[in-house]
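Participant: Before I ask anything, let me first share the structure, which is written out below as structure tokens.
All of the numbers you see were taken from the coordinates with simple rules; none came from a lab. Being a predicted model, the structure only gives us computed values, none of them experimental. For neighbour counting, all protein chains shown are included, and Cβ atoms are generated from backbone atoms with ideal geometry for every residue, glycine included.
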């Protein structure tokens, strides 16, 4: 039985978008066009999830050393790669792991059927996990941040972006929510979630990270990131803080080209590195190196820059696993036949994520080892770190699996209600008994309509006009993405739910009816944010 509350029980039909390289598909204005039907109209009080037994990768160092000692050169080369494959044929991914001795794979949207159910997702991960029998566990990763980056679509619980968690101004709730998400992923068969985003955003100028970040204040973002790291581990998956040394202030999308930081890593230590420091102090098992050029290496991404890895080790005193961002992104030169993976490992990476050709990458690493370009002893040390993390994650999942079910619906309801943020107008809304919905996508409109009807609002052509688009005039504007997307609305009252998942829009419906106070804290400043009242 799945974790306390299945998607069927929630009556969800979530449609989320994403690309195979990791960029969320959005409209030019930054408004998402995804949506879903409402969850159940009522939810019980939040149930706190007990933490698993204290488990650390360092506890498995000796066992990992014994496992890696038996690796052939080919197995050693493959163990340092998290591969990817195209299409929905799971046997292709399983064979990729088996034939190339990969440390694991990442499951992307195009590896799943359209609008998958949880059983279909679990079937994919089960086939991948069983594809290898040697001592090293297989890592099954997913890019499931929440909000715009939700690769599993209808196959997992809907989850808001990190900025929504920050808006609740409740670290305990953030930890509980990420534990709920992690447990859902663990029960689907995943061992790694490439989250949380530890980048500090610039707001409206941030074309890549924006609402995926906890906000624009590095100290507040650091607290949210640490709570999320704790939650992921408590729920049974290894988190990966990303994208070191910080992507949120760079106004270039590294999926398309290489962004270059104007500041060195040393100059970022008291600002952008602060959330990464907090993640390390929280015991994050993995940090993702970003494709970011530095002032003294403007044409070399940090993923291939030895100084960037050295800074992460020394400046943050980090001894866990370092993984590259996806090596199939355009910030890294393509068509290198695995040479990009060799360069990444030589620079300091422990794991190479998504090489353009995983099989070629494994062979390139094997050749580099044979030719002395990569030293076997160095690769053994990397593999020992990776295997220790994998063993620890397996133990955490056993611990979590022995615990009583919680109620994820209650937790996600709490997040939605506490994150709802007034952008314009008064904190209190007197409520209405009827609304008409204008603007927005078809799915957003349908989701809000169902949520409104469930709380007793009449939806039709009369009553308070509610716009889901900044371009459509109305009495009330409701944002479902980054808060600055509603900065140009003509509505006298505006709120943001940060997402359009069923829980988020049900919170909006309750607020419109007058049954809920919007108490969210705006986590970012932008032109026009001074209109937002302090309702916390």
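Participant: Calculate the spin-label point distance for residue 266 paired with residue 58, positioning each point 7 Å from the Cα along the beta-carbon direction, and give it in nanometres.
Facilitator: It is 2.9 nm.
Participant: Order of 454, 340 from fewest to most other C-beta atoms within 10 Å? Mind showing how you got there, number by number?
Facilitator: On the way: 454 17, 340 25.
If I rank by nearby Cβ atoms, fewest first, I get 454, 340.
Participant: Counting other C-beta atoms within 10 Å, which of 168, 125, 445, 496 has the fewest, and how do the rest follow?
Facilitator: Working: 168 26, 125 22, 445 19, 496 31.
Ranking 168, 125, 445, 496 by Cβ neighbours within 10 Å, fewest first, gives 445, 125, 168, 496.
Participant: Any idea how far the Cα center of the range 277-300 sits from the one of the range 445-505, in Å?
Facilitator: 37 Å
Participant: Give the calculated FRET efficiency between residue 458 and residue 531 to the nearest 0.05, with a Förster radius of 35 Å applied to their Cβ-Cβ distance. Provide the component values of the computation, followed by the final result.
Facilitator: Numbers: r = 30 Å, r/R0 = 0.85.
Efficiency computed from Cβ-Cβ geometry: 0.75.
Participant: Now for a separate question. Mind pulling the angle between the C-alpha long axis of helix 502-513 and the longest principal axis of the chain? Nearest 10 degrees, somewhere in 0 to 90.
Facilitator: 20 degrees
Participant: Then there is this: Beta carbons within 10 angstrom, averaged per residue: use that to sort the peptides 344-351, 170-177, highest first. Provide the component values of the computation, followed by the final result.
Facilitator: Numbers: 344-351: 24.8, 170-177: 21.6.
Highest mean packing first, the order is 344-351, 170-177.
Participant: Once the Cα atoms of helix 90-100 and of the chain are each reduced to a long axis, what angle between those two axes, in degrees from 0 to 90 to the nearest 10, is obtained?
Facilitator: In the chain, helix 90-100 runs at an angle near 30 degrees to the longest axis.
Participant: Using per-residue counts of other Cβ atoms within 10 Å, averaged over each peptide, order 497-509, 425-437 from highest down. Show your work: numbers first, answer last.
Facilitator: Values: 497-509: 29.1, 425-437: 15.5.
Packing proxy ranking, top to bottom: 497-509, 425-437.
Participant: Moving to a separate point now. Could you list 487, 385, 343 in order of exposure, starting from the residue whose Cβ has the fewest other Cβ atoms within 10 Å? Don't jump to the answer; show the numbers that get you there.
Facilitator: On the way: 487 19, 385 23, 343 26.
If I rank by nearby Cβ atoms, fewest first, I get 487, 385, 343.
Participant: Here's a follow-up. Subtracting the Cα-Cα distance from 0.36 nm times the residue separation, let me have the gained length for residue 114 to residue 74 in nm, one decimal.
Facilitator: Numbers: separation 40, 0.36 × 40 = 14.40 nm, distance 3.55 nm.
Separation in residues times 0.36 nm, less the Cα-Cα distance, equals 10.8 nm.
Participant: Send over the semi-axes of the range 420-531's equivalent ellipsoid, whole angstrom and largest first, taken as the square roots of 5 times the C-alpha gyration tensor eigenvalues.
Facilitator: Working: eigenvalues 79, 40, 34 Å².
Output for the range 420-531: semi-axes of 20, 14, 13 Å.
Participant: Ok, one more. Here are a few candidate values for mean projected area of the Cα convex hull in nm²: [x] 25.1; [y] 21.6; [z] 32.9. Which one was actually calculated from the structure I just gave you?
Facilitator: [y]
Participant: Okay, helix-only estimate at 222 nm for the chain: each DSSP H run of n ≥ 4 adds -39500 (n - 2.57), divide by all residues, round to 500 deg cm²/dmol; what do you get?
Facilitator: Working: 16 runs with 187 residues, N = 536.
About -11000 deg cm²/dmol.
Participant: How far is the Cα center of the range 87-134 from the Cα center of the range 135-152, in Å?
Facilitator: Comparing the Cα centres of the range 87-134 and the range 135-152, I get a distance of 11 Å.
Participant: Work out, step by step, the length gained on full extension between residue 433 and residue 377: first 0.36 nm times the residue separation, then minus their alpha carbon distance; give nm to one decimal. Let's see the in-between values first.
Facilitator: Details: separation 56, 0.36 × 56 = 20.16 nm, distance 7.00 nm.
Net length gain for the segment: 13.2 nm.
Participant: How much length is gained on full extension from residue 517 to residue 219, taking 0.36 nm per residue of separation minus their Cα-Cα distance? Working shown, then result.
Facilitator: Numbers: separation 298, 0.36 × 298 = 107.28 nm, distance 2.67 nm.
Here the segment from residue 517 to residue 219 would lengthen by 104.6 nm.
Participant: Continuing with the same structure: Could you sort 386-396, 223-233, 297-307 so that the peptide with the highest average Cβ count within 10 Å comes first and the rest follow in order? Before the final figure, lay out the partial values.
Facilitator: On the way: 386-396: 23.5, 223-233: 27.2, 297-307: 20.5.
Going from most to least packed, we get 223-233, 386-396, 297-307.
Participant: Compute the long axis of helix 442-454 from its Cα atoms, compare it with the longest principal axis of the Cα atoms of the chain, and write down the angle in degrees, 0 to 90, nearest 10.
Facilitator: 60 degrees
Participant: If I take R0 = 45 Å and measure r between the Cβ atoms of residue 91 and residue 299 in this structure, what FRET efficiency does the formula 1/(1 + (r/R0)^6) give, to the nearest 0.05?
Facilitator: The formula returns an efficiency of 0.70 here.
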